[in-house]
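The values are calculated or read from the model by the stated rules, or taken from the named source; none is laboratory data. Nothing here was measured: the structure is a model prediction, and the numbers come from that model. Neighbour counts run over all protein chains shown; Cβ positions are idealised from the backbone, glycine included. For the accessible areas, the whole protein counts, side chains as well, though only heavy atoms, and no ligand, DNA or RNA atoms are used. Shrake-Rupley method; radii C 1.70, N 1.55, O 1.52, S 1.80 Å.
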Amino acid sequence: MSEQPFTHQQLFNLKLETIEQRLMEYYQETQNGTMTIKLLLALRVRYQLGAKEFALVLQDLVRYLFMNTKATKTMKQFFWYFVDYFETSELRILSLKLNPVRKFIEKTKSLIKSAAKIFQNDTDTEAT
């Protein structure tokens, strides 16, 4: 089962139990987290379109993928669509895991700005 386990029609018409079973089998066989996340995102769309039984579909799998596997570009791109799967404390950890460079740059910028303000204030007081 190396190819995609669903057609577009199946993603939006199959029952919840069938989709869960096939998606779990697909991930267990392929270990393809990127495609699994994309399929789970399609199920989030189905939920948003009114299929309320898909609210937290495969929550354990989503949590496992984001918490225990290497961060991928797809995970970084689609993380915010899955925030209701996690607790607040976990969101902070995941945010740092998925965006470490951006966080480092933001912190560095704020430190440089505050140091520049202190330096500017010191030079202003010396000039007067």
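Computed over the stretch 34-88, relative contact order equals 43 percent, with contacts defined as Cα pairs under 8 Å that lie 6+ residues apart. Using a probe of 1.4 Å, the accessible surface attributed to ILE105 totals some 80 Å² when neighbouring protein chains are kept in position.
Accessible area per residue (1.4 Å probe, heavy atoms of protein chains only) ranks GLU3, GLU90, GLU20, GLU53 as GLU3, GLU53, GLU20, GLU90, with the largest value leading. Based on C-alpha pairs under 8 angstrom that are at least 6 apart in sequence, the chain has a relative contact order of 19 percent. The charge dipole of the chain, taken about the Cα centre with unit charges on the Cβ atoms of Lys, Arg (+1) and Asp, Glu (-1), comes to about 280 debye, rounded to the nearest 20.
By the helix-only formula, in which each DSSP H run with n ≥ 4 contributes -39500 (n - 2.57) and the sum is divided by residues, the chain has a 222 nm mean residue ellipticity of -23000 deg cm²/dmol.
Compared with the dominant principal axis of the Cα atoms in the chain, helix 33-48 is inclined by about 80°.
Find, to one decimal place in angstroms, the Kirkwood hydrodynamic radius of the chain, where the mean of 1/r is taken over every pair of different Cα atoms and then inverted.
About 17.2 Å, per the Kirkwood formula over Cα pairs.
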